[in-house]
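The values are calculated or read from the model by the stated rules, or taken from the named source; none is laboratory data. All of these numbers come straight from a predicted model, not from anything done at the bench. Because the Cβ atoms are built from the backbone with ideal geometry, glycine has one as well, and the counts that use them run over all protein chains shown.
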Amino acid sequence: MIIILKRNPDQSKVDIFVEEFRQKGLDINYSKGETTTIIGLIGDTLSLDMDLLRANEIVEDVKRITEPFKFANRKFHAEDAQILVGEGAFGAGKFGVIAGPCSVESYEQIIEVAKRVKAAGAKFLRGGAFKPRTSPYAFQGLKAEGIEMLLEAKKVTGLPIVTELISINHLDLFDEVDVIQVGARNMQNFEMLRQLGKLNKPILLKRGNASSIEELLMSAEYILAGGNSNVILCERGIRTFETATRNTLDISAVPLIKRLSHLPIIVDPSHATGISALVKPLAKASVVSGADGLIIEVHPMPSQALCDGAQSVTPNEFDAIMADVKLLCQMENKAL
Ligand code: PEP
Ligand code: MN
């Protein structure tokens, strides 16, 4: 971290300021020029509050040289991480596809979708049991019963299951869930992230719809710093001025996150657009952008879906998407 001081600062105040950093175990690189004095801080500056430093009367500006995250930082983990679950994996040359309905609606529905997405090449079954809905009057999910149905579908197909945790109070119900999804709305539920950091289970962390890439990585940092290194990131669209789509898919987040972090990053083209016809082109774009997987909503009859029908593709449409995804994965040297 670099701290630029105001012109002609009071030397006694500078001495006190610098001593505080020494007390914290940081090494100081002090450079006094004719007009500018610069303090370089060497060591672990992650816990320093930049705004507080800036508020000091002798400080002109503060700049971070390294990112404020360590465990999620590629600088400290040169190799791509790979998260293995069942027969599927994300990252380091592996492309994982998660597919299934937005919400688990019935035993028949989830079994039918599970069989179809498995046949098409998906390695994971998704399905919301607890649904975070904007309206309290909208379908809230089948809850514990929904998780039971997912586990039945897992028994029938062998597909590991991915489902969303919306309250840490429900964690007991997630013992047999293979991948716990943290949804966009909970990306900054820091207490939940801390608790998930204590588990040894893969966490699918979705980007909040108004969160920056750095904020997403800082949320991942909460889980990683707790000791759980199994984090899969997910770009699912962010809110912009554009209203033609539900969200705007930030495709540039994929290659950018791959530079910043070793963690796998997958794309959700369903929530990113809200329009089923756009899922295929954006799924293809995701593969080519370097993503490590996809999460796609599939419903046997989207017009009858209790949640997110407009963005759900049919099993037949999913077959067609997977055919293209497979070809593109070959081109990108990624194994499905
Ligand atoms: C979902 O996956 O069904 C969901 C609610 O996603 P998000 O948190 O990205 O909105
Ligand atoms: Mn959904």
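Just a few scattered comments:
- Just so you know, in the range 95-116 the residues that are under 16 Å from residue 311 (Cα atoms) and out of contact with any Leu (no Cβ under 6 Å at 6 or more places or on another chain) include one that is nearest to ligand 1 (Cβ to nearest atom), and it is 102.
- Residue in the range 268-282 that is within 22 Å of residue 333 (Cβ to Cβ) and within 16 Å of ligand 1 (Cβ to nearest atom) present: yes
- Among the residues of the range 94-124, those that are within 14 Å of ligand 2 (Cβ to nearest atom) and within 18 Å of residue 268 (Cβ to Cβ) comprise 98, 99, 100, 101, 102, 103, 104, 113.
- Residue in the range 292-303 that is more than 16 Å from ligand 2 (Cβ to nearest atom) and not polar (S, T, N, Q) present: yes
- Of all residues in the range 113-124, exactly one satisfies the criterion of being part of a loop (DSSP other than H, G, I, E, B) and closer than 18 Å to residue 102 by Cβ, namely 122.
- If the condition is being surrounded by fewer than 22 Cβ atoms within 10 Å (Cβ to Cβ), within 16 Å of ligand 1 (Cβ to nearest atom) and of a type in the set (D, E, K, R), then the range 117-157 contributes 131, 133, 143.
- Residue 276 being at pLDDT 95 or above and within 16 Å of ligand 2 (Cβ to nearest atom): yes
- Sole residue being of a type in the set (A, V, I, L, M, F, W, C), under 13 Å from residue 292 (Cα atoms), within 16 Å of ligand 1 (Cβ to nearest atom) and assigned by TED's automatic domain parsing to the domain that holds residue 186, chosen from 249, 233, 216, 263: 233
- Lone unmet requirement of (1) more than 23 Å from residue 95 (Cα to Cα); (2) outside any helix (DSSP H, G or I); (3) within 16 Å of ligand 1 (Cβ to nearest atom) for residue 244: (3)
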